[in-house]
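Peer 1: So that we are looking at the same thing, I have put the structure below in C-alpha cells.
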Amino acid sequence: MIKYLTRRLIIAVITLLTIMTLLFLLLDFMPGSPFNDEKLSDSQRVLLYEKYGLDKPIVYRYKQFMYHVIFEGDFGVSYTIEKNANVSDMLSKRLPLSIRIGLQALALGSVVGVILASVAALKKNSIWDTLTTVISVIGISIPSYVFALGLNYFLGYKLTKATGISFFPLTFDLYAPLKSSVLPTIALSMFVVATVARFMRTELVEVIGSDYVMLAEAKGLSANKVIFRHSIRNALIPVVTVLGPLTVSLMTGSLVIERVFGIPGIGDLLVTAISVNDFNVIIAISFFYSIFYIVMQLFIDVLYGIIDPRIRVSKGGE
C-alpha cells in the first residue's frame, strides 16, 4: 500500500506541474489583456506591462512564475480585482468558506442519499422505491442554481414575509455564517443526494440478493447486522468511486451558487477574474481545484482499503 501511494504521489506532482504549465501557456496565448480599461493610453499600457514584467519573453516569465509557485507558494499579484494585492492572501480569505459549504453539501447529500437508497432497496418496488427514483431524476436533471433560486424565493423571501422572521438570509451574512450557509448547502447537496441514491440503490439491491447475505440471514444474524455490517458496507464501494468527481463538481458548481447567495468564496472570485482577465487569480484558483481533485482521489484510494481489505491487499501486492 505504501509503495502504491508513493507512486500515486509522484504521478500527482507531475500532473500538477503539467497543469500549471498548460494553464500558464493557455492564458498567455489567450486574446485580451488585464489592462483593457479604455481610459488607459497605449503608453500607459506599456508602462503597466513593464511594471509587472509582462513585456519579458514567455520562457523567462514561465521560469520566474514556476520558481515562485514551487519554492515560495507565491502566485503573484492581482492585476485588476484588487490591484497589487497578493493572490495567495486573496485566496486564503475566501477559500475556507467555499470548502466549508462544499463539504457540508457533500456530507448532507451523502447521508441523505444513503438513507434513501437503503429504504428503496429494502422496500423494492414500493412507493418508497418510486419516490427515491423520482428524487434521483429530479436532482440530476435540474441544475443546482435552479434549486438555489427556488429555495431563496420560498424559504428566504416568502417565509420571511409570511412570518416576519428571517430564518434564512437572502444573501450571505458574514456575521451569521451558519444560518446563511443552510440554503446554499441544501441547493448544492441535491445533485449529491440524487447521484449517491441512484448508485447506492442499484448496488444495494444486488448485494441484498447475493449468496453471502442469504447465508448471513440463514445463520440467524439480525436484520440490522445483515444490512449495516454486510450489505451497506459492500454497496458503498461504487459510491466512494464517484465521491472524488462529486466533490470537485461541488466546488466548481458553487460558482453560480455563490453568485446567487452573494457568498464571498473562490467561485465568485473566479467568475470575476475571468471577466476581467486577471490571469494570476485564474491560475491560482484552477491550481487549487486540481490539487483538491488529486487529494480526493488519493483519499478515495485509501478509503477503498478501509471498506474492502481485499483491495488493500491487492494494491499492496502490485
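Bear in mind that the values in this text are calculations on the coordinates, not laboratory data. The model shown is predicted, which means the values in this text are computed figures rather than measured ones. Heads up, the Cβs are rebuilt from the backbone with ideal geometry, glycines too, and the neighbour counts pull from every protein chain shown.
Peer 1: If we count every other residue with Cβ under 13 angstrom of Ser180's Cβ, Lys/Arg +1 and Asp/Glu -1, where does the sum land?
Peer 2: Result for the local shell: 0.
Peer 1: Oh, and also: Could you tell me which of Leu204, Val260, Gly156 has its Cα farthest along the dipole of the range 87-266 towards the positive end, charges placed at Cβ (Lys, Arg +1; Asp, Glu -1), taken about the Cα centre?
Peer 2: Final value for the positive-end residue is Gly156.
Peer 1: Students often forget the sequence filter, so: which lysines lie under 21 Å Cα-Cα from Lys3 once same-chain residues fewer than 8 apart are removed?
Peer 2: Lys315
Peer 1: Here is a follow-up. Which of the helices in the chain meet the span-like rule: DSSP H, Cα axial reach of 27 Å or more, Kyte-Doolittle mean at least 1.6?
Peer 2: 2-29, 279-307
Peer 1: Moving to a separate point now. Net charge around Thr171, counting only other residues with Cβ within less than 13 Å of its Cβ (Lys, Arg = +1; Asp, Glu = -1)?
Peer 2: -1
Peer 1: Could you compute the net charge surrounding Gly139? Neighbours are other residues with a C-beta less than 15 Å from the C-beta of Gly139; K and R count +1, D and E count -1.
Peer 2: Here the count lands on +2.
Peer 1: Note down the nm distance, to one decimal, between modelled labels 7 Å out along Cα→Cβ at Thr160 and at Leu27.
Peer 2: 3.5 nm
Peer 1: Rg over Rh of the chain, using C-alpha atoms and the Kirkwood radius, what does it come to?
Peer 2: Computed over Cα atoms, the ratio is 1.06.
Peer 1: For the range 1-79 and the range 236-272, what is the separation of their Cα centres, given in Å?
Peer 2: A separation of 24 Å, based on Cα centres.
Peer 1: Same structure again: With each run of n ≥ 4 DSSP H residues scored as -39500 (n - 2.57), what mean residue ellipticity at 222 nm is computed for the chain after dividing by its residue count and rounding to the nearest 500 deg cm²/dmol?
Peer 2: -24000 deg cm²/dmol
Peer 1: With viscosity set to 0.692 mPa s at 37 °C, what whole-number translational diffusion coefficient in µm²/s follows for the range 87-266 from Stokes-Einstein and a Kirkwood radius over Cα pairs? Please report the intermediate quantities before stating the final value.
Peer 2: Numbers: Rh = 17.8 Å.
It diffuses with D of about 185 µm²/s by this estimate.
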